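The values are calculated or read from the model by the stated rules, or taken from the named source; none is laboratory data. Since this is a predicted model, take the numbers as computed values, not measurements. With ideal geometry, Cβ positions are generated from the backbone for all residues, glycine too; neighbour counts draw on all protein chains shown. SASA here: full protein model, heavy atoms, side chains in, ligands and nucleic acids out. Shrake-Rupley method; radii C 1.70, N 1.55, O 1.52, S 1.80 Å.
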Amino acid sequence: MINQTTKKILKALSFDGVEVEAFRHMVDLKRLDPMKIFYKKVDEKIYNGSHAVPIRIFFPSEKSFRESEEKKHDIQDKKLLLFIHGGGWVTESIDNYERICARLANATGQYVVAVEYRLAPEDKFPAGLEDCYAVAKAVYSGDFMLNIRPENITLIGDSAGGNLCAALSLMARDRGEFMPNRQILIYPATYNDYTENSPFVSVKENGSDYLLTAGKMQDYIDLYARNEEDKKNPYFAPYIAEDLTNQPDTLILTCEFDPLRDEGEAYGERLKEAGNHVEIHRIKDALHGYFALGIKQLHVQESFTYINEFLKGETQ
């Protein structure tokens, strides 16, 4: 349980309103990471039409880094996580997510490819999603420096990144160019309304006192959408998709004290009802954004237990 003192502090820090530039400057402080020099990584670009989408590859070990550089080993049987970061479609970057991606590579033993998709409000829906799709298409088709088998690739994203993963999987099914086998959605945003009209109890219970507020989420939604019609698009809000058949095996992690909790779990239930294999785990006492905390944090350790168990079952 969260104690009363912590609740008072959280309440004081939980305010509505998204000031785009101020929020971006604040999250950019994460770039000041003294561990950066130790991360094994390579920067590349994949094109979405004429737009070059930056990506960053994180290696699980010194050996895997050397193998890639020397190109002496066939790495098709290696495994890869295609990571899409959160930030409300408005803030964050792969620079800010370096520690998370490096930790993912180390804790899972897999390559991690992080996508620097375009952000709203400068580039609204579906620009960022199309960037993610272009990268996924290249990675899944082998048109990429790491020629890894499609069945050894897993989509993963947190918050808005979880939304983009879910939307990407729907888009991949509909376009028929490639199809992910697995996706990991960490406290994903799947709906389109965080006002008092939301059907989800967690928006009302957790929407004012736990850092991420319902008001902030509504601002993010409004910044991401070009118009009200966008909000009715299942690629914008996957929960509202009429057809959820033929989706990847899915792991969903939610937080107890998160306005997005119920929509993430409800999306998982809808995927199950459509005949997909889905695991849903609620992390007790956790707040939205906990996945960015240190590897020794208990909620993060619990999450990696679920993630690694899910990944080990990928060939079963």
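Treating the Cα atoms of region 161-275 as identical point scatterers in vacuum, please give the log10 of the normalised Debye intensity I(q)/I(0) at q = 0.16, 0.21 Å⁻¹, two decimals.
Treating every Cα as an identical point scatterer, log10 I(q)/I(0) equals -0.71, -1.17.
Quick one: net charge around residue 298, please, counting Lys, Arg +1 and Asp, Glu -1 for every other residue with C-beta under 12 Å from its C-beta.
Computed value for this residue: 0.
Report the dimensions of region 112-178 along its three principal axes from the alpha-carbon atoms, largest first, rounded to Å.
35, 24, 19
For all pairs of alpha-carbon atoms in region 78-235, what percent lies in each bin of width 10 Å, listed from the first bin to the last filled one?
That works out to 11, 40, 34, 14, 2, in percent per bin.
For helix 98-108, what angle does its Cα long axis make with the longest principal axis of the chain, in degrees from 0 to 90 and rounded to 10?
60
Which residue, 240, 156, 75, tops the fluctuation ranking in a GNM of the chain built on C-alpha contacts under 10 Å?
Result for the chain, Cα springs under 10 Å: 75 fluctuates most.
Could you work out the per residue convex hull volume over the alpha carbons of region 221-299, in cubic angstrom? Numbers along the way, then the final one.
Details: hull volume 8.9 nm³, N = 79.
Looking at region 221-299, the number lands at 112 Å³ per residue.
Give, in nm to one decimal, the length gained when the segment between residue 179 and residue 240 is fully stretched (0.36 nm per residue of separation minus the Cα-Cα distance).
Gain on stretching residue 179 to residue 240: 19.9 nm.
Starting from the amide H of residue 51, placed 1.01 Å from N in the peptide plane, find each other amide H under 5 Å away whose residue is 5 or more places distant or on another chain.
Excluding prolines and chain starts, which carry no amide H, there are no hits.
Using DSSP loop states and a limit of at most 16 other Cβ atoms within 10 Å to flag GluC sites (Glu not before Pro), what is the longest stretch of the chain containing no flagged site? The partial results should precede the final answer.
Details: sites that count: 19, 122, 177, 196, 228, 229, 242.
In the chain, the maximal stretch lacking such sites is 20-121.
Near the amide H of residue 278, under 5 Å away, which other amide H atoms are found, from residues 5 or more places off or on another chain, if H is placed in the peptide plane?
250
Hey, what's the chain come to in accessible area per residue, 1.4 Å probe, Å²?
Heavy-atom SASA per residue in the chain reads 44 Å².
Grab the Cα-Cα distance for residue 151 and residue 274, subtract it from 0.36 nm times how many residues apart they are, and report the gain in nm with one decimal.
Values: separation 123, 0.36 × 123 = 44.28 nm, distance 2.16 nm.
That works out to 42.1 nm of additional length.
Within region 156-213, what whole-number % of the accessible surface is contributed by carbon and sulfur, with the 1.4 Å probe and all protein chains included in the calculation? Display every interim value, and only then the final one.
On the way: 750 of 1680 Å².
The computed percentage sits at 45.
Taking only the alpha-carbon positions of region 212-260 and ignoring solvent, what does the Debye formula give for the base-10 log of I(q)/I(0) at q = 0.18, 0.25, 0.26, 0.29 Å⁻¹?
Log10 of I(q)/I(0), two decimals: -0.79, -1.06, -1.07, -1.09.
Non-local amide H neighbours of residue 82 (under 5 Å, H modeled in plane, Pro and chain starts lacking H): which ones?
113, 154, 155, 156
Residue 133: net charge of surrounding residues, Cβ under 13 Å, Lys/Arg +1, Asp/Glu -1, itself excluded? Display every interim value, and only then the final one.
Numbers: positive: 118, 137, 173, 175; negative: 130, 131, 174, 177.
Every neighbour counted, the sum reads 0.
Wrap a convex hull around the Cα atoms of region 179-219, take a quarter of its surface area, and give that in square nanometres. It would help to have the intermediate numbers written out before the result.
Details: hull surface 15.6 nm².
Its average projected convex-hull area is 3.9 nm².
For the chain, compute Rh as the Kirkwood radius over C-alpha pairs and then the Stokes-Einstein diffusion coefficient at 25 °C and 0.890 mPa s; write the answer in µm²/s, rounded to an integer. Spell out each step's value before the answer.
Details: Rh = 19.6 Å.
The Stokes-Einstein estimate is 125 µm²/s.
Counting trypsin sites (Lys or Arg not before Pro) as exposed when in a DSSP loop with at most 13 other beta carbons within 10 Å, what is the longest stretch of the chain free of them? Present the calculation step by step, with values, prior to reporting the outcome.
Numbers: sites that count: 71, 72, 296.
Here the longest run is 73-295.
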